[in-house]
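Here the structure comes first, spelled out in structure tokens, and everything after it is commentary.
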Amino acid sequence: MTALALAACSGGGSDADADKPSGPVTVKVWAWYPSFQKIVDLYNSTHTDIKIEWTNAGAGQDEYTKLQTALKAGKGAPDVVMLEFQELPTYQLTKHLVDMGKYGANDLKSQYVDWAWKQVSTGDKVYAIPVDAGPMAMLYREDLFKQYGLTIPKTWDEYKAQAEKLKTASAGKAFMTDFGGNDGGFMTGLMWQAGSKPYTYDTANPSNIGISVNDAGAKQVMTYWEGMVNSGLADTKAYGTTDFYNGLGSGKYVTYLAAGWGPGYLASVAKTTAGKWRAAPLPQWTAGGNAQGDWGGSSFAVTDQAKNPEAATKVAMEIYGAKNTDAWKIGIDEAYLFPTATPVLESDAFLKKKYDFFGGQTVNDVFVPAYKAILPFSWSPFNSYNFNQLTTGINGAIEKKTSWTAALDTAQANVTQYATQQGFKVQ
């Protein structure tokens, strides 16, 4: 850092010129996006000043573990790293992310909706560039809805009523959906829609945090799904398992509450059902409402080990930038990413894209309005612990058939204790 600072203060001359790189600046990137090699090749073929060197360091927690080790050691971290929205506060708190606002990142603010930009920034400080998001909707089997005489529910009450109708019509062989209690992001997305605000946290005041894991919105969601599960209307197979995949492909589940990346995911795990699925808005708690939640979302951040933070910021801004239509064509068609940049979202190529798997439906007509209606949401700087408490508690309640809301109360107590032990002032 000292060497870089001294170099920046140099008055120029032959010695300074001798220090300039003779070729393109190499920017090391960690990411696990599908088909990312094509994105890297595209960037490198269209830039002469920067060359991306890509490593897939693992997905999700696998990458985060390696990243934390490298950051703690002071070496081995990439210049640019893929981070999910919920993980950003952790790395901001430890001051390992570069403020990209210093290098022009704020110029992109108008290209994103308010909630998405707030996920990656605090005031004029920008700690990441949004790439994809996961607005939620209801994917459903149109053929099975017709077979069992079901109608598309617009509210959660209607959803339960249709589930009861399905149970009778199918003689208990089919479920309205599966509730994956092993996925904290899924459950948080549903609670987000219900207005839950489990955390009040601002990196501008990092020592204070508000914790309401068991607030009214969260309990409303868990009370509802406890009733659905205990009544035999929703299954409880863990997401990502063979049983879950089989349920989607066999007709056991007639709806899948999915994120914006869900259509591509569904097409890959339930290929035999191609053409039978359709998309509809997520049911509402209040008739005529437009409350939405998000399940997933990722970004590119620059670490404090970046040798050239300006070049690294340029990569983070441009690699999936709003004007990079070629990259987004790959991202949408092959990686099934749901873009956060509004120019891409509102393009005909995205809005009017027909999906054969969904019988030619333009499913983004459903997901884009949902994305735009999402309200701001704060994460904690210890999200891994938070998700662990949530999934452990709810799975325990499912298995033991105990109170789901009591599990939230336990999570509230444990998370509060944990935050206090970590030195936070809980408000």
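The values are calculated or read from the model by the stated rules, or taken from the named source; none is laboratory data. Just so it is clear, the structure is predicted and the values come from calculations on it, not from any experiment. Here the Cβ is made from the backbone with ideal geometry for all residues, glycine too, and neighbour counts use every protein chain on show. Surface areas here come from the heavy atoms of the whole protein model, side chains and all, with no ligands, DNA or RNA. Shrake-Rupley method; radii C 1.70, N 1.55, O 1.52, S 1.80 Å.
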Checklist line | Residues of region 97-132 classified as over 16 Å from Trp379 (Cβ atoms) and either in contact with a strand residue (DSSP E or B) (Cβ under 8 Å, 6 or more places away or on another chain) or among the aliphatic types (A, V, I, L, M) (or both), total | finding: 15
Checklist line | Total residues in region 225-252, condition touching a helix residue (DSSP H, G or I) at 6+ places or on another chain (Cβ under 8 Å), among the charged types (D, E, K, R) and open to solvent by 30 Å² or more (accessible area, probe 1.4 Å) | finding: 3
Check: Out of region 352-363, which residues are open to solvent by 50 Å² or more (accessible area, probe 1.4 Å) and assigned to a helix (DSSP H, G or I)?
Finding: Asp356
Note to self: Of the residues Ala16, Ala73, only one is loosely packed, with under 12 Cβ neighbours inside 10 Å, more than 26 Å from Gly296 (Cα to Cα) and modelled with pLDDT under 95; which?
What the structure shows: Ala16
Notebook entry, point to check: Restricting attention to region 400-424, which residues are touching a Gly at 6+ places or on another chain (Cβ under 9 Å), surrounded by fewer than 17 Cβ atoms within 10 Å (Cβ to Cβ) and hydrophobic (A, V, I, L, M, F, W, C)?
Noted result: Ala406
Next item on the list: For Gly359, work out the one condition from (1) within 24 Å of Gln86 (Cα to Cα); (2) modelled with pLDDT of 95 or more it doesn't fulfil.
Entry: (1)
Item checked: Which listed residue is small (Gly, Ala, Ser), more than 25 Å from Tyr224 (Cα to Cα) and open to solvent by less than 50 Å² (accessible area, probe 1.4 Å), from Ala397, Ala373, Ala349, Ala335 -> Ala335
Next item on the list: Could you tell me whether region 155-178 includes any residue that is open to solvent by 30 Å² or more (accessible area, probe 1.4 Å), over 23 Å from Ser378 (Cβ atoms), in contact (Cβ under 8 Å) with a residue 40 or more places away in the chain and acidic (Asp, Glu)?
Entry: yes
Note to self: Can you confirm whether Asn388 is in contact with a helix residue (DSSP H, G or I) (Cβ under 9 Å, 6 or more places away or on another chain), assigned to a helix (DSSP H, G or I) and under 25 Å from Asp235 (Cβ atoms)?
What the structure shows: yes
Next item on the list: Search region 87-139 for residues being in a helix (DSSP H, G or I) and of a type in the set (Gly, Ala, Ser), and hand back the single one that is surrounded by the fewest Cβ atoms within 10 Å (Cβ to Cβ).
Entry: Ser110
Note to self: Quick check on region 365-374. Is at least one of its residues over 20 Å from the mean Cα position of the chain (by Cα) and assigned to a helix (DSSP H, G or I)?
What the structure shows: no
Next item on the list: Could you please tell me which pairs satisfy a Cβ distance under 6 Å, a separation of 6+ or placement on different chains, a first residue in region 312-329 that is among the hydroxyl-bearing types (Ser, Thr, Tyr), and a second residue that is open to solvent by less than 10 Å² (accessible area, probe 1.4 Å)?
Entry: Thr313/Met100; Thr313/Val302; Tyr320/Val131; Tyr320/Ala327
